[in-house]
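The values are calculated or read from the model by the stated rules, or taken from the named source; none is laboratory data. Since the structure is predicted, the reported quantities are computational estimates derived from the model, not experimental observations. Heads up, the Cβs are rebuilt from the backbone with ideal geometry, glycines too, and the neighbour counts pull from every protein chain shown.
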Amino acid sequence: MAVSLRAIRNIRFSSFLYRALSSSLSSGADLKSSAFFGHNKSLPLRAEPKDRNVQWVFLGCPGVGKGTYASRLSNLLGVPHIATGDLVREELNSSGPLASQLEEVVNQGQLVSDEIIINLLSKRLEAGEAKGESGFILDGFPRTIRQAEILEGVTDIDLVVNLKLQEEALLAKCLGRRICSECGGNYNVASIDIKGENGKPGMYMAPLLPPPHCASKLIQRSDDTEEVVKERLRVYNEMSRPVEEFYRQRGKLLEFTLPGGIPESWPKLLQALNLEDPEVKQSAAA
């Protein structure tokens, strides 16, 4: 069932987001207190616009396809797709002070600390605000209750899309991921064919193969090993499942089980969101 959007205030929160976490960590403040949430007159509020772009969050286990579908919706709705995983990888590839610390955390399949994620996300939001961006689709944040509470305290999220996929398919997808070392394109060499049994539907997901000029340049992420992927799933189940309940209780959660690959899932996701993609509509009419 699709969740209807609410007309809400638009808050400039990028810089406040980092200050809020820093303050709570140093003082041990109760994140649920009224003093923390929105009653501070120093919050930099903007006048409520008649219309504003969506502010959505994508949840789901590592490898479920959050980036793929969030990116497509970003293009369709004209809002930035902000993936914290990409922000972490960009920092890892830089010579910044966090690079070595992040490398150890990521290679062990652990969650990056709140402080680091908030820092990276705040910088990205401030850069977008300077360019005139409005609205966003967050991918990979929040991952913990604490992050969700911080986000809830500084802005209103319209909708949280929780993507689901069988664990067997998730593992195969993660192990099949490949990146072109030259152009940075993302591909997947896994061909997933799960037979239906015991009342559970089967599933087929075709590989997303690269064009010929990229085929010889494919590399695998260092953290896409079976051991690390299983650890990431374990950590997600332990720490991030409660975030789903957090948004479910607030009536903002849309749960969507992927029925297959992009050709099968994209039209059904659009239907669940009450959206239309002109390309899908044109293809169906052909």
Report task. Quickly run through the range 153-176 and pick out the residues that are more than 17 Å from the chain's Cα centre (by Cα) and within 20 Å of Asn237 (Cβ to Cβ). Result -> Gln166, Glu167, Glu168, Ala169, Leu171, Ala172, Leu175
Requested in this report: Only residues that are in contact with a strand residue (DSSP E or B) (Cβ under 7 Å, 6 or more places away or on another chain) and aliphatic (A, V, I, L, M): list them for the range 122-164, please.
Outcome: Ile137, Leu138, Val154, Ile157, Leu159, Val160, Val161, Leu163
Query - Sole residue being in contact (Cβ under 8 Å) with a residue 60 or more places away in the chain and either part of a helix (DSSP H, G or I) or surrounded by 18 or more Cβ atoms within 10 Å (Cβ to Cβ) (or both), chosen from Leu138, Leu120 - result: Leu138
**Report entry** Inter-residue pairs, beta-carbon under 6 Å, first free of Cβ contacts under 8 Å to residues at least 60 places away in the same chain and outside any strand (DSSP E or B) and in the range 53-75, second surrounded by fewer than 22 Cβ atoms within 10 Å (Cβ to Cβ) and among the polar types (S, T, N, Q), 6+ apart
**Finding:** none
Report task. Can you confirm whether the range 98-115 contains a residue that is surrounded by fewer than 19 Cβ atoms within 10 Å (Cβ to Cβ) and at pLDDT 85 or above? Result -> no
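So, of the residues in the range 149-178 that are farther than 30 Å from Lys200 by Cβ and β-branched (Val, Ile, Thr), which turns out to be surrounded by the most Cβ atoms within 10 Å (Cβ to Cβ)?
Step one: of the range 149-178, the residues farther than 30 Å from Lys200 by Cβ are 149-158.
Retained after the next criterion (residues that are β-branched (Val, Ile, Thr)): 150, 154-155, 157.
On the way: Ile150: 24, Val154: 19, Thr155: 19, Ile157: 20.
Here the answer is Ile150.
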Query raised in the report: So is Glu126 acidic (Asp, Glu), in contact with a Ser or Thr (Cβ under 6 Å, 6 or more places away or on another chain) and either assigned to a helix (DSSP H, G or I) or surrounded by fewer than 16 Cβ atoms within 10 Å (Cβ to Cβ) (or both) or not?
Result: yes
